[in-house]
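One structure below.
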Amino acid sequence: MIVRWLRRMGYILEIFPPFFVAAFSSKGLITHEGRLLVWGKVRRIFLSAIPPLSRYLQRHYGLTGSCQSCGASCKLLFQCPHWDTRSSLCKIYEDRPMICRLFPITPTDLRDRDLVLKQTPCGFSFAKSHEIARSEALNEDVLRSK
């Protein structure tokens with residue numbers, strides 16, 4: 001158990017240097033799409049650190065489907081060092097970090113994924129769109145304030 005956790009932490013530490021290089025590259029903070037990808041990466045890192053919250057959000061938005069092994073989620077902002085492009089498989093699938101295990105958490109993650117690989121449809125989908133969930137939250141806030 002502890003060895004597996006240490007391995008996962010090692011993989012996360014391997015990912016951070018390319019993250020910072022990608023964030024400050026020409027695709028990163030300069031373009032609108034780059035800023036969306038940077039913010040999405042930071043948001044997913046935070047949410048995946050709290051798995052119960054991530055699973056709640058997946059249920060709330062109605063996550064359905066399964067991974068098609070297209071690799072788009074492995075190329076968000078930078079290419080994951082563990083993604084094998086020839087076999088279209090993850091080299092560390094059994095010990096992959098939580099950010100990979102939980103992808104996608106919200107409909108925004110699929111929007112980010114579509115920024116990277118538009119031509120290939122994703123196997124995941126959400127029953128509730130981001131706009132519907134946002135309007136529901138606003139309605140709940142209005143009802144609470146009355």
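The values are calculated or read from the model by the stated rules, or taken from the named source; none is laboratory data. From a predicted model like this one, the values you see are computed outputs, not experimental measurements. Reconstructed Cβ throughout: ideal geometry from the backbone, glycine too, with neighbour counts over all protein chains shown.
Quick notes
- The number of residues in segment 85-100 being of a type outside the set (A, V, I, L, M, F, W, C) and either crowded, with 17+ Cβ neighbours inside 10 Å or touching a residue at least 24 places away in the same chain (Cβ under 8 Å) (or both) comes to 3.
- Failed condition for LYS118, given (1) under 12 Å from the mean Cα position of the chain (by Cα); (2) in a loop (DSSP other than H, G, I, E, B); (3) among the basic types (Lys, Arg): (1)
- Within segment 62-84, tally of residues that are of a type in the set (Phe, Trp, Tyr) and either closer than 26 Å to ALA127 by Cα or free of Cβ contacts under 8 Å to residues at least 24 places away in the same chain (or both): 1
- Residue within segment 114-122 that is at pLDDT below 90, surrounded by fewer than 18 Cβ atoms within 10 Å (Cβ to Cβ), over 19 Å from LYS41 (Cβ atoms) and not β-branched (Val, Ile, Thr) present: yes
- Of the residues SER54, SER69, the single one that is at pLDDT 80 or above, among the hydroxyl-bearing types (Ser, Thr, Tyr) and under 21 Å from TRP83 (Cα atoms) is SER69.
- Qualifying residue in segment 1-22 (condition: assigned to a loop (DSSP other than H, G, I, E, B) and modelled with pLDDT of 90 or more): no
- Per-region count, segment 43-65, residues within 14 Å of ARG113 (Cβ to Cβ) and not charged (D, E, K, R): 2
- Residue selected from segment 103-115 under the condition of a type in the set (A, V, I, L, M) and assigned to a helix (DSSP H, G or I), by the criterion farthest from LEU77 (Cα to Cα): LEU110
- A single member of CYS74, CYS100, CYS67, CYS80 is touching a Gly at 6+ places or on another chain (Cβ under 7 Å) and either of a type outside the set (S, T, N, Q) or part of a helix (DSSP H, G or I) (or both), and it is CYS67.
- Residue within segment 56-68 that is of a type in the set (Ser, Thr, Tyr) and surrounded by 17 or more Cβ atoms within 10 Å (Cβ to Cβ) present: yes
- With respect to (1) surrounded by 15 or more Cβ atoms within 10 Å (Cβ to Cβ); (2) in a helix (DSSP H, G or I); (3) modelled with pLDDT of 90 or more, the lone exception for SER125 is condition (2).
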